[in-house]
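Data block below; observations after.
The values are calculated or read from the model by the stated rules, or taken from the named source; none is laboratory data. All of these numbers come straight from a predicted model, not from anything done at the bench. Don't worry about glycine lacking a Cβ; one is built from the backbone with ideal geometry, like all the others, and counts go over all protein chains shown. All accessible areas refer to the heavy atoms of the entire protein, side chains included, with ligands and DNA or RNA removed. Shrake-Rupley method; radii C 1.70, N 1.55, O 1.52, S 1.80 Å.
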Amino acid sequence: MVQKVYDVQGMTCVQAVSSELKGVPGVEDVQVDLPSGKVTVTSEQPLDRAAVAAAVDEAGYELVGGEAQ
């Protein structure tokens, strides 16, 4: 399992972000922290950043910067 943390700008809905990211092939779990704007994604293998960004965009938000630490 691989776990990555991403920064998402302007998140106001946990459900929207979680639903879209869970639709990315290989994603096992998604944890959203609205106050910090961080999303932790657990997947079977490393994910393509473009796929993560597209899912976040579909939810109405924007993936910003690199991966958070």
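Checking the structure you have, find out if any residue of the stretch 47-61 is loosely packed, with under 14 Cβ neighbours inside 10 Å and among the hydroxyl-bearing types (Ser, Thr, Tyr). For the stretch 47-61, residues loosely packed, with under 14 Cβ neighbours inside 10 Å and among the hydroxyl-bearing types (Ser, Thr, Tyr): absent. Annotation: of all residues in the stretch 18-40 being among the hydrophobic types (A, V, I, L, M, F, W, C) and under 11 Å from Asp7 (Cα atoms), the one that is least open to solvent (accessible area, probe 1.4 Å) is Val39.
Name every residue in the stretch 30-47 that is part of a strand (DSSP E or B) and more than 10 Å from the chain's Cα centre (by Cα), in order of residue number.
At the first step, the residues of the stretch 30-47 found to be part of a strand (DSSP E or B) are 30-33, 38-43.
Of everything in the stretch 30-47, those that are part of a strand (DSSP E or B) and more than 10 Å from the chain's Cα centre (by Cα) turn out to be Asp33, Ser43.
Working only within the stretch 14-29, note down all residues that are part of a loop (DSSP other than H, G, I, E, B) and in contact with a Gly (Cβ under 8 Å, 6 or more places away or on another chain). Listed by number, the list is empty, since nothing qualifies.
Pairs are defined by a Cβ separation below 7 Å, a sequence spacing of at least 6 or placement on different chains, a first member in the stretch 40-54 that is among the hydroxyl-bearing types (Ser, Thr, Tyr), and a second member that is open to solvent by less than 60 Å² (accessible area, probe 1.4 Å) and outside any helix (DSSP H, G or I); the pairs so defined are Thr40/Val5; Thr42/Asp29; Ser43/Val2; Ser43/Gly26; Ser43/Val27.
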